[in-house]
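Below: one structure, written as C-alpha cells.
The values are calculated or read from the model by the stated rules, or taken from the named source; none is laboratory data. Remember, predicted model here, so these are calculated numbers, not experimental data. As a convention, Cβ positions derive from the backbone with ideal geometry for all residues, glycine included, and neighbour counts pool all protein chains shown.
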Amino acid sequence: MRRSFLAPSLCVLALLSGIEGCRAKSSAPDAAAAAASSAEARGDEVVAHPPPEKSPIKRLRKKPSGGPPRLSCAAARSLVADVHAKLAAKVSLGGAEQDAKVDGPFADSILDWADPHGLWTASPDTPVAPLVRAHTAKLRAVLEGKGDCEKELAPIGESLAGWMTTLRTEWVAGAADAAAIDVPVAASEAAFDDGPVKTPAKKLARVLAQRAAAVQKGHPELAGVVSSARDRWLPVLSKEAWGEVVLSAAVRAYIPLLDPHGAWAPAEESSSLYDRDLETAPPGRLWTTATRTALGTRIETGAHKPLLDKDVVVSVDGLPLAGLSAEAIDQLSESPDGTAEPRAVRVLRKTKDGGLGLVELSVASALADEAAAPAGLHTSLVPYGATSALVIRLDDVPDALGEELARAIGKARGEAEISGIVLDLRGNGGGSIDGASGALGVFLPGAPLFPLKHRDGTIETERATEPPMEDRWTGPVVALVDGGTASAAEMIAGALKAYRRGLVVGARTYGKGCAQEYVDDVTGVGVLRMTTLLFALPDGTPVQRVGIEPSVTWALPSPLKEREADLPRSPPTWIGPDVRDHKRVSEVPWATVANVGPCSDEVVCRALALVGKGKAIAKR
C-alpha cells in the first residue's frame, strides 16, 4: 500500500498529475499525546506508528495480453463494495436529482473507457452507445450489488459481438484495397483521432486494414503483427465476454463518481495511475512521447538510443504493439521491475532512399538516465537591503523536495549573503507527503506536523524529517500561495503558518485536505487509487474544502476554475487535534530594510517589501 497526495481534479480526470507517494509514517509520542487530548471529546482513536521502512516503489504490473480488460459480475461488485468501505467518508449516489446529474457523465465515461481505439462504443456509427445509455442507471445499480448483472449486460454484449462481425467485413474489404497506399506513410501515420472520436468505425476499420496490408506487402515477415493487430482491434468474443469488457469500463467510470480523486486501472495499464515526474527514482523509459500507428507506435520525443525519434516500434520483448491501448503501450515502454536488462525492440525505420527497413535492436535500459544530475529548482536572488532574498519556485512537491531545497539553499549561500527565503507555491498542485515532510524538515526539523484521520476514526501524525545541520534553514521564510496551491503544497504553507515559522501571503488556497492510497484491488487484477485519509494543519485547522487563509491576503488570479469544495462528493471538512510541539511555536522576523528589488515578479517584491518594512503579521 502506498500513500500519496493528488493534485486538483482537473488533472484527475486525465488519470494523471500530482501523484506521488510514501509508505506508512511515524508518529512521535509527544505528538500522539497531544492528539489524544484534543481528540478524546470526538471519540477519535489516536494511534502511534513505527518509523517508516523505505523501499522502492512497487507496482502491480502485468505484461499486456492485447485483449480488452474484463471483469466478471462478482469481481466488479466486490471491487466496488471494497471501495465504498475504505473511502475516507461514506458516499451515496442515490436520489432522483443525483441520478440525473450522475448518469449522463457516467455513460459518457463508460463509452470512452470501453473503447481504446474508437471502434467499439465511442464511434459516431456504433449501435452500442444507445444501448449503454439506456442501461446506464441499471449498470450503476449492478455495480452496487442490485439487480441481475448478466441480464443487464446481455443486450450490450450481443450488440458488440454483432458489431465486430460488421467491422471485420469492412477490414476484409480494406485489406483488398491497399495497392495505392504509400508504405512509409502507412506505417508511420497516426491511426486514431486525437481527442473526441469523429471517424466512423466502418471507415477506420477499412483504413487500418489498408495500411496494415500495405506494410505487410513490403515486409511479409510482419504478417503475424498484422494478424495480431486485427484480432486486437476487432476481437472475436462471445456476448458474455463483451459484457465483461463493458463492466470493466463501468468500474473505471464509477470510481471517480464516488471519489473525485480516485481511479481504477487493470494491471496491464496501472502505470496510468502514477506520475513519474514526482518520483525520486522513476522507471527508465524507451521513449518519452509516441503516437499509435497501424503497426505499432511512432516515437515522437525522447527515444533511448539506439532508438531514434520517428522510429515506428513494432514490438518490444517479442510483444507486438499494434492494437494495444495507449495506456498499455506506455506501460510497456517502462523498464520492468527496475531491472537494467537489455530489451529486444523491433522498429520500422526510414532508409536513405526513402524506403522502409525493419531493424532489430537491443536497447539497454534507460535506468542510466536516473544517474544524471538533477535539473534543480528554479531559483533567483533578489536584492534585499544590503543582502539578498532567495526566491525558490516550487511547481510541485516531489518525493525528494527536501534534498532539492537543501541543495538550492546551499548553492545560494555560496553565491550571496541570504537574509531570507521566499517559497513561491502559487499554482503548485501538490504531490508527495514525503516531499512535504522533507521540505518542512529544512525549516522545522523533526516537528510534529499533520494529523491524518482514517475512515475508522484512528489518527496518525506526520513528522518532519531531521536533515543534517548544514541542510537546515533557521532564518526567515515567506510562502506565496494562490487558489492553485493544493494538497501537499498546502501542507508546506500551512505548517509554516501554524508554527508561526513563516508568513503566508497571497490568496486562499485550493482546499484539498485529503490523501490517497494505492492498493491492489481485492480481485487481484488491478490497482486502486482511493481517498482514504483526511488531514488538518498541525494546530488542527481544517484544510479540506476550506483551504488556507493567508496571513496577509491579496487578490491573486487563480490558475484553476474550481476549488475542492466545488467537486461533487469530495470528502467533508475535518477539524483535527492540535499536534504541535508548542515550544517550537515562535516567529523568525525578517530584518527591516529600506530597499527591495528589483524583482522579475511584482508579487515577490510586494511580499518582500511587506516584511522589509517590519510590518506585524496580520493573521496567524
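Can you tell me which of (1) within 30 Å of S92 (Cβ to Cβ); (2) at pLDDT 90 or above is the one V585 doesn't meet?
With (1) within 30 Å of S92 (Cβ to Cβ); (2) at pLDDT 90 or above applied to V585, the lone miss is (1).
Filter the stretch 115-163 down to the residues that are surrounded by 15 or more Cβ atoms within 10 Å (Cβ to Cβ), touching a Ser or Thr at 6+ places or on another chain (Cβ under 7 Å) and more than 14 Å from W233 (Cα to Cα) and list them by number.
Residues satisfying the conditions are V128, A129, L131, V132.
Between D103, D82, D112, which is of a type in the set (D, E), within 30 Å of S315 (Cβ to Cβ) and surrounded by 14 or more Cβ atoms within 10 Å (Cβ to Cβ)?
Going through D103, D82, D112 in turn, just one is of a type in the set (D, E), within 30 Å of S315 (Cβ to Cβ) and surrounded by 14 or more Cβ atoms within 10 Å (Cβ to Cβ): D112.
Does P235 satisfy the criteria of being within 20 Å of I110 (Cβ to Cβ), surrounded by fewer than 22 Cβ atoms within 10 Å (Cβ to Cβ), out of contact with any Phe, Trp or Tyr (no Cβ under 7 Å at 6 or more places or on another chain) and modelled with pLDDT of 95 or more?
yes
Can P589 be described as under 28 Å from G262 (Cα atoms), in the same structural domain as R463 (by TED's automatic domain parsing) and either touching a residue at least 60 places away in the same chain (Cβ under 8 Å) or charged (D, E, K, R) (or both)?
Criteria not met by P589.
Of the residues V603, V611, which is among the aliphatic types (A, V, I, L, M) and surrounded by 19 or more Cβ atoms within 10 Å (Cβ to Cβ)?
Result: V611 is the single residue among V603, V611 that is among the aliphatic types (A, V, I, L, M) and surrounded by 19 or more Cβ atoms within 10 Å (Cβ to Cβ).
Pick from L533, L556, L608: which is outside any loop (DSSP other than H, G, I, E, B) and under 26 Å from G420 (Cα atoms)?
Selected residue: L608, the only one of L533, L556, L608 that is outside any loop (DSSP other than H, G, I, E, B) and under 26 Å from G420 (Cα atoms).
With the requirement that a residue be at pLDDT 90 or above, of a type in the set (A, V, I, L, M) and within 18 Å of W264 (Cα to Cα), what does the stretch 90-121 give you?
Once the filter is applied, which keeps residues that are at pLDDT 90 or above, of a type in the set (A, V, I, L, M) and within 18 Å of W264 (Cα to Cα), the stretch 90-121 yields A107, I110, L111, A114.
When you check T165 against the structure, is it at pLDDT 95 or above, more than 25 Å from V527 (Cβ to Cβ) and not in a helix (DSSP H, G or I), yes or no?
For T165, the condition - at pLDDT 95 or above, more than 25 Å from V527 (Cβ to Cβ) and not in a helix (DSSP H, G or I) - is not met.
If I ask for residues that are touching a residue at least 24 places away in the same chain (Cβ under 8 Å) and more than 38 Å from the chain's Cα centre (by Cα), which ones from the stretch 214-223 would you list?
A214, K217, G218, H219, E221
Picking from R472, R500, which residue would you name as being in the same structural domain as P398 (by TED's automatic domain parsing), farther than 30 Å from L560 by Cα and modelled with pLDDT of 95 or more?
On inspection, the qualifying residue turns out to be R472.
Would a scan of the stretch 139-146 turn up a residue that is without any contact (Cβ under 8 Å) to a residue 60 or more places away in the chain and closer than 22 Å to G104 by Cα?
yes
Exactly one of these conditions fails for A186: (1) among the aliphatic types (A, V, I, L, M); (2) surrounded by fewer than 18 Cβ atoms within 10 Å (Cβ to Cβ); (3) in a helix (DSSP H, G or I). Give me its number.
It fails just one condition, (2).
Would you pick out the residues in the stretch 275-291 that are of a type in the set (A, V, I, L, M, F, W, C) and modelled with pLDDT of 90 or more?
L286, W287, A290
Exactly one of (1) of a type in the set (A, V, I, L, M); (2) without any contact (Cβ under 8 Å) to a residue 60 or more places away in the chain; (3) in a strand (DSSP E or B) is unmet by A389. Its number?
Among (1) of a type in the set (A, V, I, L, M); (2) without any contact (Cβ under 8 Å) to a residue 60 or more places away in the chain; (3) in a strand (DSSP E or B), the lone unmet condition for A389 is (2).
If you check K151, K198, K101, which single one turns out to be under 30 Å from L222 (Cβ atoms) and of a type in the set (K, R)?
On inspection, the qualifying residue turns out to be K198.
List the strands (runs of 3 or more DSSP E) inside the stretch 417-524, counting only whole elements, that have at least 2 residues being within 18 Å of the chain's Cα centre (by Cα) and crowded, with 24+ Cβ neighbours inside 10 Å.
Those strands (runs of 3 or more DSSP E) span 514-520.
Within the stretch 169-183, how many residues are surrounded by 13 or more Cβ atoms within 10 Å (Cβ to Cβ) and either closer than 17 Å to A326 by Cα or small (G, A, S) (or both)?
Adding up the residues that qualify gives 4.
May I ask you to say which residue of S248, S272, S228 is of a type in the set (S, T, N, Q), in a helix (DSSP H, G or I) and modelled with pLDDT under 90?
None of the other options fit; the residue is S272.
Just to be sure I understand, how many residues within the stretch 116-139 are in a helix (DSSP H, G or I) and under 21 Å from A326 (Cα atoms)?
Selection size over the stretch 116-139: 0.
Examine the stretch 363-371 for a residue that is outside any helix (DSSP H, G or I), modelled with pLDDT of 95 or more, among the hydrophobic types (A, V, I, L, M, F, W, C) and in contact with a strand residue (DSSP E or B) (Cβ under 7 Å, 6 or more places away or on another chain), and state whether such a residue exists.
no
Exactly one of (1) in a helix (DSSP H, G or I); (2) modelled with pLDDT under 95 is unmet by I181. Its number?
Among (1) in a helix (DSSP H, G or I); (2) modelled with pLDDT under 95, I181 violates only (1).
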